[in-house]
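*Asks:* Starting off with a structure, shown below.
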Amino acid sequence: MARTHSLKFLALVGALALPAASASAQQQQKPAAPERTVNVFNWSDYIDPKVLEDFTHETGIKVIYDTYDSNEMLETRLLAGKTGYDVVVPSATFLARQIKAGVYQKLDKSKLTNIKSLWPDIMARLAKYDPGNEYAVDYMWFTTGIAYNVQRAKERFGNKPLDTWDIVFRPENLKKFADCGVYVLDSPEDLFSIALNYMKLNPDSKNPNDLRRAADLLGGMRRYVKKFHSSEYINALANGDICLAIGWAGDSFQARNRAREANNGIEINYVIPREGTLMSMDTLAMPKDAPHPEEGLKFIDFLMRPEVAARNTSITNFANGVITSRDFVDKDVLGNKSVYPDQATMARLFTVTGYDQAVQKIVTREWTRVKTGK
Amino acid sequence: MRPASKARSRRNWLVIAVPYGWLLLFFLAPFALVLKISLSQSALSLPPYAPVFDWSDDFRAIVEKLQALSFESFAGFFNDSLYVDSYVSSVVIAAIATLLTLVVAYPFALAIARSSPKVRTILIGLAIAPFWTSFLIRVYAWITILKDEGLLNHFLMRIGLIDAPLGIFATNTAIVIGIVYSYLPFMLLPLYAAIEGQDQALLEAAADLGASPWRAFLRITLPLSMRGIIAGSLLVFIPAVGEFVIPDLLGGSDTLMIGRTLWNDFFVNRDWPAASAAAIVLLILLVGPLLVYERVQLRDEKVRA
């Protein structure tokens with residue numbers, strides 16, 4: 001997983017510009033070269049790269065793999081149509097809206113032999129977005145919490161635990177971290193629901209007044225936050241550039257692992273705050289105009305194979321949606337209560353539905369106000 | 001008309017047709033598409049706006065769809081100060097960056113123009129050399145230089161000039177540095193062209209008449225290079241106003257620039273009509289300085305003629 005900043009951004013920009021062209025080029029070449037391919041568009045740092053090699057080795061299907069780091073990037077491409085991708089990985093809230101827009105095709109369950117090993121509880125939560133689980137299966141699920149540099153936190157808070165949103169929402173606390181660097185996810189959906197929940201309001205509230213109150217609370221962080229960004233914090237934490245981040249569980253543990261690999265003496269930890277937090281799911285789905293549906297289904301089925309799902313979880317530190325994969329997951333990852341929370345913590349995790357067009361505009365506007373003060 | 005002149009006029013026509021065809025295909029046609037989207041309404045569909053024109057539409061369908069178009073998205077600007085704030089902030093950042101680029105590039109251009117032809121080729125080559133590497137990677141490199149734990153701060157702290165990191169990264173200062181660096185060649189080359197073409201005899205005459213080198217520069221070199229200054233400034237200013245990558249990578253989250261506001265409308269709100277409308281207003285605002293440049297050039301040519 002030794003990926004750098006620049007490569008990731010290049011991948012993102014490349015994903016914006018190139019794949020449609022490359023995909024159509026492949027289609028043109030088809031008669032000449034009988035080689036089978038599958039075009040996959042996934043989040044950055046979200047798979048064990050060897051899994052792709054093994055898939056090609058086993059099936060003879062070549063994987064064209066592109067990455068992105070925001071749902072918005074994926075959605076814009078999907079709504080423009082003709083992406084050329086066979087498998088994409090939208091988050092559940094975006095999935096729901098995209099199903100309504102008519103972006104996806106139903107998955108042919110008869111081709112998905114590993115469907116029996118899916119986690120019933122997770123699929124039930126997913127059904128809220130995709131009634132009847134017709135269009136998607138869960139790839140990974142995770143929480144949004146607080147990641148921090150252990151030494152820096154100790155200097156500031158002694159041995160007090162950081163498992164509370166008070167750390168970021170009370171200015172007197174966050175202020176203490178401002179000098180060593182704070183990053184916050186550039187993801188309004190996560191931050192608004194967490195702020196609403198912290199204020200003891202319905203985290204799924206779409207009421208403009210509630211959203212404005214949440215924005216007021218979130219805006220209090222601005223003075224002490226260095227940047228709102230959804231992927232740079234992994235390397236920034238690992239390098240010691242920053243000491244606190246509101247981030248996703250798996251990414252935060254990837255930061256911890258990178259710091260360990262670099263052996264730079266930086267120890268990163270991640271906690272699920274006790275007030276509860278957002279649980280998100282990323283799903284595997286197929287666009288309606290997927291050029292290689294058969295190969296796409298094969299790829300999805302491969303990812304759902306318990307041994308394969310376990311390898312992806314062991315590498316990424318994101319829990320997957322295949323219940324029987326737990327027998328194969330790295331013991332440290334499986335035992336990590338922040339990746340596989342216990343029942344009591346699970347009960348405190350909430351999910352939210354997506355925003356419709358009108359609410360989305362309010363949320364984006366308020367989020368701009370949170371970030372810029374204007 | 002004699003056959004020879006007929007052939008020539010046809011040839012002339014062809015010569016003109018190529019650039020006009022180019023403009024039609026790569027400027028006017030996309031502009032028409034963007035204009036059309038800016039008059040549509042956003043919708044949860046594929047593509048995310050309505051109405052969508054189709055080749056199979058009959059006349060009545062086209063009329064109905066045309067009637068559905070409206071200026072609603074343009075009205076959106078006046079309800080929210082966000083757009084004006086973004087424009088103003090973009091223009092201020094671009095203006096500061098353009099001025100600094102000019103200050104940095106001018107001595108370079110002067111030095112290149114005054115060196116021997118052999119050295120000149122090498123220096124111009126060096127000025128263009130960064131283009132061999134991707135623009136993105138070069139901007140990324142600036143993160144490593146400017147960040148708190150980066151090269152610049154480490155160096156300044158090592159030599160004892162500062163005690164704490166400067167904190168340039170993720171600020172507007174970093175954006176300006178990024179723009180100056182990235183657009184330097186666009187300023188340098190027009191300046192060089194304008195200075196290089198000047199008659200050296202003028203400077204000699206000024207010296208003979210007792211003018212100091214500085215005075216000669218102010219009275220002769222600088223005014224004669226005005227065309228280069230204007231051309232270079234426009235080449236830097238116009239793309240810098242709409243710049244997205246540099247603010248995104250080097251700027252802070254509190255940086256408001258029109259590029260990012262457009263991005264939000266397009267990617268986050270899925271409101272293509274609003275994004276298109278903002279793009280069109282930006283274009284209209286930028287055409288202004290271009291027309292000024294055009295007039296200056298025309299006047300210049302008249303003077304010469």
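Nothing in this text is a laboratory measurement; each read-out follows from the coordinates by a stated rule. Computed from a prediction, not measured in an experiment: that's the story for all the values here. When we count neighbours, we look across all protein chains shown, and the Cβ atoms used for this are built from the backbone with ideal geometry, even at glycine.
*Asks:* Let me understand region B:84-278 better: what is its radius of gyration from the alpha carbons, and its Dmax, in angstrom?
*Replies:* 20.1, 67
*Asks:* P(r) for the protein assembly as shown: what percent of alpha-carbon pairs falls in each 10 Å bin, starting at zero?
*Replies:* All Cα pairs considered, the percentages come to 3, 13, 21, 24, 19, 11, 6, 3, 1, 0.
*Asks:* Place the peptides A:197-206, A:335-344, A:78-87 in order of packing, highest mean first, counting for every residue the other Cβ atoms within 10 Å and averaging per peptide.
*Replies:* Those peptides, ordered most packed to least, come out A:78-87, A:197-206, A:335-344.
*Asks:* How many Cβ atoms of partner chains, on average, are near each residue of B:261-270 if near means within 10 Å of its Cβ?
*Replies:* Per residue, the average neighbour count from other chains is 6.
*Asks:* With r as the distance between the Cβ atoms of residue B:32 and residue B:121 and R0 = 41 Å, compute the FRET efficiency 1/(1 + (r/R0)^6) and round to 0.05.
*Replies:* Efficiency computed from Cβ-Cβ geometry: 0.40.
*Asks:* In terms of modelled amide H atoms, which long-range or inter-chain residues lie less than 5 Å from the amide H of residue B:41?
*Replies:* B:50
*Asks:* Then there is this: Go through B:24-32, B:191-199, B:132-140, A:174-182 and give me the packing order, highest mean Cβ count within 10 Å leading.
*Replies:* A:174-182, B:191-199, B:132-140, B:24-32
*Asks:* Given N residues in region A:59-166, what is its alpha carbon radius of gyration divided by 2.2 N^0.38 Å? Mind showing how you got there, number by number?
*Replies:* Details: Rg = 19.0 Å, N = 108, 2.2 N^0.38 = 13.0 Å.
That works out to 1.46 for region A:59-166.
*Asks:* Could I ask something else about it? Name the residues whose placed amide hydrogens come within less than 5 Å of the amide hydrogen of residue A:228, ignoring near sequence neighbours (fewer than 5 apart) on the same chain.
*Replies:* Under 5 Å from the amide H of residue A:228 lie the amide H atoms of A:184, B:253, each far enough along the sequence or on another chain.
*Asks:* What's the percent breakdown of Cα-Cα distances in region B:175-305 across 10 Å bins, shortest bin first?
*Replies:* 11, 28, 28, 18, 10, 4, 1
*Asks:* Taking the alpha carbon gyration tensor of chain A, what are the square roots of 5 times its eigenvalues, largest first, to the nearest whole Å?
*Replies:* So the equivalent ellipsoid measures 34, 23, 20 Å along its semi-axes.
*Asks:* For residue A:37, list long-range residues whose amide hydrogen, built 1.01 Å from N in the peptide plane, is under 5 Å from its own amide hydrogen.
*Replies:* Amide H to amide H, under 5 Å and 5 or more residues apart or across chains, residue A:37 pairs with A:62.
*Asks:* If you plug each phi of region A:179-185 into the Karplus form 6.51 cos²θ - 1.76 cosθ + 1.60 with θ = phi - 60°, what whole-Hz ³J(HN,Hα) values come out, in order, with x for Gly and Pro?
*Replies:* Ordered by residue, 3J(HN,Hα) equals 6, 9, x, 10, 10, 10, 3 Hz.
*Asks:* Next up: So for B:263, A:119, fewest C-beta neighbours within 10 Å to most, what's the order?
*Replies:* Neighbour counts put them in this order, fewest first: B:263, A:119.
*Asks:* Which ³J(HN,Hα) values in Hz, rounded to whole numbers, follow from the phi angles of region A:348-362 under the Karplus curve 6.51 cos²θ - 1.76 cosθ + 1.60, where θ = phi - 60° and Gly and Pro get x?
*Replies:* 8, 7, 10, 10, 10, 8, x, 9, 7, 4, 5, 5, 4, 5, 5
*Asks:* What number results when the radius of gyration of region B:121-229, computed over Cα atoms, is divided by 2.2 N^0.38 Å?
*Replies:* Cα-based Rg divided by the globular estimate yields 1.51.
*Asks:* Let me ask something else about it. If you take each beta carbon of peptide A:364-373 and count the beta carbons of other chains within 10 angstrom, what is the mean?
*Replies:* 5
*Asks:* I've got another one for you. Where a Cα-Cα gap under 20 Å defines reach, which lysines qualify for residue A:128, not counting those fewer than 8 residues away within the same chain?
*Replies:* Cα-Cα hits under 20 Å: A:100, A:106, A:109, A:116, A:206.
*Asks:* Same structure, new question: For every other residue with a beta carbon closer than 15 angstrom to the beta carbon of residue B:146, add +1 if it is Lys or Arg and -1 if Asp or Glu, then tell me the sum. Can you show the working numbers first?
*Replies:* Values: positive: A:226, A:227, B:138, B:147; negative: A:232, A:241, B:148, B:149, B:248.
Counting the neighbours of residue B:146, the net charge comes to -1.
*Asks:* Kindly state, to the nearest 0.05, the FRET efficiency for residue B:292 paired with residue A:172, given R0 = 56 Å and r defined as their beta-carbon distance.
*Replies:* E between residue B:292 and residue A:172, to the nearest 0.05, is 0.60.
*Asks:* Additional query: Please find the FRET efficiency linking residue B:245 to residue B:215, where r is the Cβ-Cβ separation and R0 is fixed at 41 Å, and quote it to the nearest 0.05. Walk me through the numbers before you get to the answer.
*Replies:* Values: r = 42 Å, r/R0 = 1.04.
Approximately 0.45, to the nearest 0.05.
*Asks:* Taking each residue in B:139-145, count the Cβ atoms of any other chain within 10 Å of its Cβ, then average. What number comes out?
*Replies:* Across B:139-145, the average partner-chain Cβ count within 10 Å equals 2.
*Asks:* Same structure again: Please list, in order along region A:64-81, the HN-Hα scalar couplings obtained from phi with the Karplus expression 6.51 cos²θ - 1.76 cosθ + 1.60 (θ = phi - 60°), rounded to whole Hz, x for Gly and Pro.
*Replies:* Result, rounded to whole Hz: 8, 10, 10, 10, 9, 10, 8, 4, 5, 4, 5, 5, 4, 5, 5, 6, 6, x.
*Asks:* For region B:1-105, what is the per residue volume of the convex hull drawn over the alpha-carbon atoms, in cubic angstrom?
*Replies:* Convex hull of Cα atoms, per residue: 246 Å³.
*Asks:* Here's something else I'd like to know. Suppose a student asked you for the relative contact order of chain A, using Cα pairs under 8 Å spaced at least 6 residues apart; what percent would you report?
*Replies:* On the way: 654 pairs, mean separation 96.0, N = 374.
The normalised contact order for chain A reaches 26 percent.
*Asks:* Sorted by average packing, counted as other Cβ atoms within 10 angstrom per residue and highest first, what order do A:288-294, B:251-257 take?
*Replies:* With the highest mean Cβ count within 10 Å placed first, the list reads B:251-257, A:288-294.
*Asks:* Moving on. Using the 10 angstrom Cβ neighbour count as an exposure proxy, how do B:128, B:145, B:93, A:246 rank, fewest first?
*Replies:* Final ranking by Cβ density, sparse to dense: B:128, B:145, B:93, A:246.
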